[in-house]
1. Does anyone have the angle between helix 118-132 and the longest principal axis of the chain? Alpha-carbon axes, 0 to 90°, nearest 10?
2. At 0.36 nm per residue, and after removing the present C-alpha to C-alpha distance, how many nm does the segment from Ser223 to Ser43 gain when stretched out fully?
3. When a/c is below 1.5 the answer is rounded, else prolate if a/b is larger than b/c, else oblate, so apply that to segment 2-88 with a ≥ b ≥ c taken from the square roots of the Cα gyration tensor eigenvalues.
4. Give me the number: length gained by fully extending Ala244 to His143, i.e. 0.36 nm times residue separation minus the C-alpha to C-alpha distance, one decimal in nm.
5. Roughly to the nearest percent, how much of the accessible area of segment 29-173 is carbon and sulfur, given a 1.4 Å probe?
6. Using the Karplus equation 6.51 cos²θ - 1.76 cosθ + 1.60 (θ = phi - 60°), what ³J(HN,Hα) coupling, rounded to whole Hz, does each residue of segment 62-74 give in order, writing x for Gly and Pro?
7. Which aspartates and glutamates have a Cα lying under 12 Å from the Cα of Lys108, excluding residues fewer than 8 positions away in the same chain?
8. Report, in listed order, any pair from Lys6/Lys167; Lys130/Lys167; Lys6/Lys159 with a Cα-Cα distance greater than 19 Å.
Amino acid sequence: MLLQGKVALVSGAGPGLGRAICLRFAAEGARVVVGDLSEPALSETIAAVVASGGEAVGQTTDITDAEQCRALVAMGVERFGGLDLLVDDAYHGGDFQRFEDADLEAWKATAEVNLWGTLSMTKAALPHLKATTEGRIVMICTHGVDLIQPTFGAYTGSKAAIAHLTKLLAAELGCYGIRVNAVFPGPIWGANLQGYLDQQASARGVESQVVYDEFAALNVLNSVNSPEEIAGAVTFFCSDMARAVTGQ
């Protein structure tokens with residue numbers, strides 16, 4: 001098992017990628033601390049981990065509230081005795097407005113989660129990650145940082161800041177043995193993406209599979225990644241297989 005004996009905290013651990021990461025971590029031997037804004041989603045993730053034979057605890061957490069971040073970390077440390085791994089997955093998707101049409105207060109709200117909330121969660125976990133001397137942090141970023149798409153500015157602008165800070169934190173925290181990396185997923189298969197593609201198919205009057213295939217062809221592997229596939233990349237960064245990798 002790649003994460004045997006480790007304690008991992010995953011923010012934004014509701015359905016989709018966050019839940020897939022929690023389940024993969026548990027399968028690799030980690031005990032999981034779960035945070036999510038939605039209580040039902042949180043409970044479902046904890047139940048899924050336990051049903052798989054793993055251990056998980058958690059509580060509803062708004063990462064824009066530093067005290068709630070500290071409380072989640074404290075719960076995990078009290079229950080499992082420490083913290084080794086942090087995955088910053090919680091996010092705000094933005095308003096999908098062009099800059100000239102956007103209300104910048106809405107952009108601030110997105111950055112409050114994606115930038116400042118991520119930093120608050122990381123700050124809360126940091127003392128315990130330092131104590132392990134082998135702490136790991138993985139930021140969930142987006143390919144939109146490099147693939148420019150109009151109307152995604154609120155989301156990708158805040159995630160671009162996290163992309164930079166991944167390198168900064170790697171440089172600053174390496175002296176404590178902490179490795180900081182990020183993954184940059186493209187579209188991830190799930191109910192939201194399927195619904196969007198089905199709408200496109202309906203509007204064009206074609207079978208859904210036609211639109212699925214066109215969308216998948218935009219990826220050089222001719223496929224759309226699943227949450228489980230992205231969770232594998234996150235697991236690699238958190239494992240000893242990536243001991244020599246940081247700031248990537």
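1. It works out to around 30 degrees.
2. 61.7 nm
3. Values: a/c = 1.75, a/b = 1.19, b/c = 1.47.
In terms of gyration-tensor shape, oblate.
4. On the way: separation 101, 0.36 × 101 = 36.36 nm, distance 2.36 nm.
My answer for the length gained is 34.0 nm.
5. Carbon plus sulfur share of accessible area: 56 percent.
6. Karplus-based 3J(HN,Hα) across segment 62-74 equals 9, 5, 7, 9, 4, 5, 5, 4, 5, 5, 5, 4, 4 Hz.
7. Once the sequence-local aspartates and glutamates are set aside, what remains near Lys108 is Asp95.
8. Working: Lys6/Lys167 24 Å; Lys130/Lys167 17 Å; Lys6/Lys159 27 Å.
Over 19 Å Cα-Cα: Lys6/Lys167; Lys6/Lys159.
The values are calculated or read from the model by the stated rules, or taken from the named source; none is laboratory data. Quick caveat: nothing in here was measured; it's all calculated off a predicted structure. Note: accessible area is taken over every heavy atom of the protein model, side chains too, but ligands, DNA and RNA are not part of it. Shrake-Rupley method; radii C 1.70, N 1.55, O 1.52, S 1.80 Å.
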